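See structure below.
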Amino acid sequence: MSILTNLLGESPFAALEAHGERVHECVRLLREAFAAVQSGDRAQLLALAGRICQAETQADSIRNELHESLAVQVLLPIRREDLFNILEHQDSMADRAEDIACLLTYRDLKLPAPLMQQVQEYVENVLTNCELARGIISRLDLLVEASFTGRDALTVSKLITELAEREDDIKPAQTELTRQLLGAEPPLPPVEAVLWMQIVGWLAKLSKHADRTGHGIRMTLKLKSSR
């Protein structure tokens, strides 16, 4: 018996939420990973990176089973391609979290305290966006029950708008943090500077996938309301 049949029955939306829980575990652990970098606890960082990789693998297993399940389901309340699109952006969040965790382990990445504080603030902004995406996905079953209309649809639409507005702030924050990292005094070692640039860039992509996950739900609401 498959993971989904055991845990989730026949609902693709319950499966999507379960997938989201594994994705969120990857993302949530990033907060602890950056804290380990800040404290210099390399053993803890390596352990957290391993847990993130494990959760990403579990998310992939659910995604693959959901793909197989959707391939044979005939009746769905939303278009199959829309559901696939939401799933893939959500899954990409776990992929990016894994990429970031791995990058953090490549070198002993130290920063001056004020600069590390700026990194932590940027990380928190990104993770808040991911948590908003999780909250949106967690309401899918309610949306299905309400036929994607009514109070629940309005609540979700407001969350998606909040997420989109927050996502607009990420690029300027990324640009400013990049300037600060490149202008550090004394300068960062070249290899470490490159790694930090990659980490900051992957965090921006993580936020973008969170936004695209929410946008996928918004498009579904628009499609349903136009019928």
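The values are calculated or read from the model by the stated rules, or taken from the named source; none is laboratory data. This is a predicted model, so every value here is computed, not measured. As a convention, Cβ positions derive from the backbone with ideal geometry for all residues, glycine included, and neighbour counts pool all protein chains shown.
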*Would you please list the contacts, defined by Cβ atoms under 6 Å and residues six or more apart or on different chains, that run from a residue in region 151-162 that is more than 12 Å from L132 (Cα to Cα) to a residue that is not basic (K, R)?*
D152/L142; D152/L143; D152/A146; A153/L221
*Please find, among V37, V27, the residue that is modelled with pLDDT of 90 or more, assigned to a helix (DSSP H, G or I) and in contact with a Cys (Cβ under 6 Å, 6 or more places away or on another chain).*
V27
*Cβ-Cβ under 9 Å pairs, at least 6 apart or on other chains, region 118-147 side at pLDDT 95 or above, far side in a loop (DSSP other than H, G, I, E, B)*: Q118/L111; V119/L111; N125/D169
*Among the residues of region 26-83, write down those that are under 23 Å from G214 (Cα atoms) and polar (S, T, N, Q).*
T57, Q58, S61, N64, S69
*helices (runs of 4 or more DSSP H) within region 43-162 that include 2 or more residues under 16 Å from the mean Cα position of the chain (by Cα) and crowded, with 17+ Cβ neighbours inside 10 Å*: 80-106, 113-137
